[in-house]
1. Using a simple charge model, +1 on the beta-carbon of Lys and Arg, -1 on the beta-carbon of Asp and Glu, nothing else, what dipole does the range A:298-430 show about its Cα centre, in debye to the nearest 20?
2. Which whole-percent values make up P(r) of chain A when all C-alpha to C-alpha distances are grouped in 20 Å steps starting at zero?
3. When a/c is below 1.5 the answer is rounded, else prolate if a/b is larger than b/c, else oblate, so apply that to the range A:46-127 with a ≥ b ≥ c taken from the square roots of the Cα gyration tensor eigenvalues.
4. Can you tell me the mean projection area, over all orientations, of the convex hull of the range A:282-347's alpha carbons? Units nm², please.
5. Going toward the positive end of the dipole of chain A, with +1 on Lys and Arg Cβ and -1 on Asp and Glu Cβ, which of A:His35, A:Leu311, A:Val205 do you reach last?
6. How large is the charge dipole for the range A:330-371, taken about the Cα centre, if only the Cβ atoms of Lys, Arg (+1) and Asp, Glu (-1) carry charge, to the nearest 20 debye?
7. Which whole-percent values make up P(r) of the range A:194-348 when all C-alpha to C-alpha distances are grouped in 10 Å steps starting at zero?
8. Mind jotting down the three principal axis lengths of the range A:195-271 based on Cα atoms? Whole angstrom, largest first.
Amino acid sequence: MEIAAVRGTRDILPGESRLWAWVEEAARRTCARYHYEEIRTPIFELAALFARGIGEVTDIVEKEMYTFVDRGGRELALRPEGTAGVVRAVLEHKLYAGPLPVKLFYVGPMFRYERPQAGRYRQFTQFGVEAFGSADAALDAEIISLGISFLTEVGLKEWELRLNSIGCPVCRGPYRELLRSRLEPLRHELCVSCQQRLDRNPLRVLDCKEEGCRRLTEGIPPIDEYLCPECRRHWESVQEHLNALGIPFRRYPRLVRGLDYYTRTVFELVTIGLGSQDAVLGGGRYDGLAEMMGGPSVPAIGFAAGLDRLLLGLEAAGTLPEPGPEVDLYVARVGDVPQAQVLRLVTELRRQGLRVDMDFLGRSLKTQMKTADRLGAVFTLVVGEGEWERGEVLLRRMSDGSQEVLPREGLAEKVAERLAAAQAIARGEV
RNA sequence: GUGAGCGUAGCUCAGGUGGUUAGAGCGCCAGGUUGUGGCCCUGGAGGUCGUGGGUUCGAGUCCCGUCGCUCACCCCA
């Protein structure tokens, strides 16, 4: 086999796929509780959408997009994140003209051309939430609360909420200039990438991990001391709401995030045990994005959670759910019973709603039992020559090995009864 | 794009200083019980040692290239 899954992509095999279904269900359940509804947007869009939405000078747009030209000459790109497409859809369908706020979520694959490493893939899956049409700080708190509810729902207990406000264009301008004027004289002492950041997006110097850069920026007052009155009020209100909800957070002045569209609130939920890719959920407010994309001014806030990363974190924490039984019933065939009749019986049982499998390899009873055991079958139905000729089958309860002979007629109902009883006992209800 | 580490059975890995038929555990299949799972025992199948070249009487082992994977930087979920 010389053809393998391409770099940065991977197959989710049975065993892991059940975990994905479980995480996505948790996301859907959580969204339902907060009344956020699902939106499904295309996996590819015009490349210009992302350039305009995310920012021309971001790494994502400059070097990480999967772009291609289709047969019609359109410049397209696989979506590198979810927000731009959702905003496009909201504008295109004028959802902002309906009941507000518009509260949406999505789950699906995103694509970025980066070097893969732990918790980072070229195709990865994000669960994201966006709310449009309100600048109320209570909505910021709701979104953050939703994010935490989701993490709680999947059993992630160790997290830290990092929170900051990066203001609006009005207050960010002067602060950017302050940064420039303070750092320009020290330019040669900054790391190479920070020297570039100084020209392009000075805010990003703040979250550089280089020790040297950190020291140089230590004395600079945090951005939240430079917020305009409206942004300051919003920032304080967000914190008050979180306090009222009992959600602990850490003010994190260095948190600025890399996407251009953020305004005011930015936040990150980080987890432990994930190496350097520990941010499992991140987002913020983007009040200017709709307008930047040619629509009316629609304030909005959202987050995206990396599900690949989240699953890694849960695995590291050892809190993933145990696999349950794969079938309710395994049907074992012994002797000269025609396979066609067994298949028919199995199909009847399945039509009753039971989860049933059977042997297709003509293996020994012992091996079939072993298979039933491995699948976690609650019962094994032994279809043997003798009983079959008398119109009977043998039902074995795997937990204790007890067996009973049942008539072939009306079997599905009987098995369903026994199964319900066994499951009630397993749940400790009896 | 930069740096480092690693490629041996389906999986996880052993294989001092080069030496004959390349091993283990788990998994799979069969048997021990001619109709009964978990535990145990026996046997079996399964490997171009990533790949190409070089050194050598001889390379899984040493050298170089190449491909792949992993981790980190960058950035981000």
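The values are calculated or read from the model by the stated rules, or taken from the named source; none is laboratory data. Just so it is clear, the model here is predicted, and its values are computed rather than measured. With ideal geometry, Cβ positions are generated from the backbone for all residues, glycine too; neighbour counts draw on all protein chains shown. Surface accessibility is based on the protein's heavy atoms, side chains included, excluding ligands, DNA and RNA. Shrake-Rupley method; radii C 1.70, N 1.55, O 1.52, S 1.80 Å.
1. The calculation lands at about 160 debye.
2. It works out to 22, 43, 24, 11, 1, in whole percents.
3. oblate
4. Value for the range A:282-347: 10.6 nm².
5. A:Val205
6. Working: 8 positive and 4 negative charges, 26 e Å.
I would put it at about 120 debye.
7. In order of increasing distance, the bins hold 8, 24, 27, 15, 7, 7, 7, 5, 1 percent.
8. 41, 31, 25
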